[in-house]
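Before any comments, here is the structure.
The values are calculated or read from the model by the stated rules, or taken from the named source; none is laboratory data. These numbers come from a predicted model, not from an experiment. Cβ placement follows ideal geometry from the backbone for every residue including glycine, while neighbour counts extend to all protein chains displayed. Note: areas computed on protein heavy atoms with side chains; ligands, DNA, RNA excluded. Shrake-Rupley method; radii C 1.70, N 1.55, O 1.52, S 1.80 Å.
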Amino acid sequence: MAKHKVFLSYSKADKVAVDKFCETFGNTFIRRGMEMEGDLIDSTNTDYVMSQIRKRYLKDSTVTIVLMGKCTWARRFIDWEIQSSLRRFSDGKLPNGLIAIQLWTSYNTLPPRLNSNRDSGYSKFYKYPTSNIGLCNMIEWAFNQRANENLIVNPRTRFINNRT
């Protein structure tokens, strides 16, 4: 299987768990996305932030993995990253495949936009992988799912603030 360029979407509150995920499985994908150290887009203009997410981080990725922690479902940046991932690029590039992976078994509330795409069949929600092969299969499924972009549910409405 080919290594895919994967955009990781996660809450900064889960950075330690995300780093462990990358350390454990980093050889199964090519990481794209924010590293969180001074890498945030400093603006209150949602459209500008989303354009920068696409330009800086999503541009050559093909799959988005949302790493689910305690507050991931409520974070506005996560919603914006998912919305950006599900849009076709201006150059015609297909939207990203989309999956969610639990960082801990107790965290299973999906962001609404991701949940809608799971319900439509475009994305899936997985438990933490037990092997590199397991993660590769998850990523490959999401990559192949891009051909089913008609299943994408991506309303323009987006989070303005984080939810509680």
*Using the structure shown, select from Lys70/Lys127; Lys20/Lys93; Lys3/Lys93; Lys70/Lys124; Lys20/Lys55 the pairs with a Cα to Cα distance greater than 21 angstrom.*
Lys20/Lys93; Lys20/Lys55
*Exposure rank, largest accessible area first [Lys15, Lys5; 1.4 Å]*: Lys5, Lys15
_Amide N of region 62-76 lying under 20 Å from the label point, which is placed 7 angstrom from the Cα of Thr24 along Cα→Cβ_ = 64-73
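Counting only DSSP beta bridges with both residues in the chain, tell me the antiparallel percent, nearest 5.
Approximately 0 percent, going by the DSSP bridge assignments.
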*asked:* Taking the solvent-accessible surface of protein heavy atoms with a 1.4 Å probe, what is the per residue accessible area of the chain in Å²?
replied: 50 Å²
*Which GluC sites (Glu not before Pro) in region 1-103 pass both tests, a DSSP loop state and at most 16 other beta-carbon atoms within 10 Å?*
Glu35, Glu37
*3J(HN,Hα) from dihedral phi, region 18-24, Karplus parametrisation 6.51/-1.76/1.60, rounded to Hz, x for glycine, proline*: 5, 4, 5, 4, 5, 5, 6
_Just to check I understand the Karplus step: with θ = phi - 60° and J = 6.51 cos²θ - 1.76 cosθ + 1.60, what whole-Hz values come out for region 142-155, glycine and proline as x?_
5, 4, 5, 5, 4, 5, 9, 4, 5, 7, 5, 10, 9, x
*Using a 1.4 Å probe over the heavy atoms of the protein chains, calculate the carbon and sulfur portion of the accessible area of the chain as a whole percent.*
50 percent
_Inter-probe distance in nm under a simple model that places probes 7 Å from Cα toward Cβ, at Asn45 and Val16_ = 3.8 nm
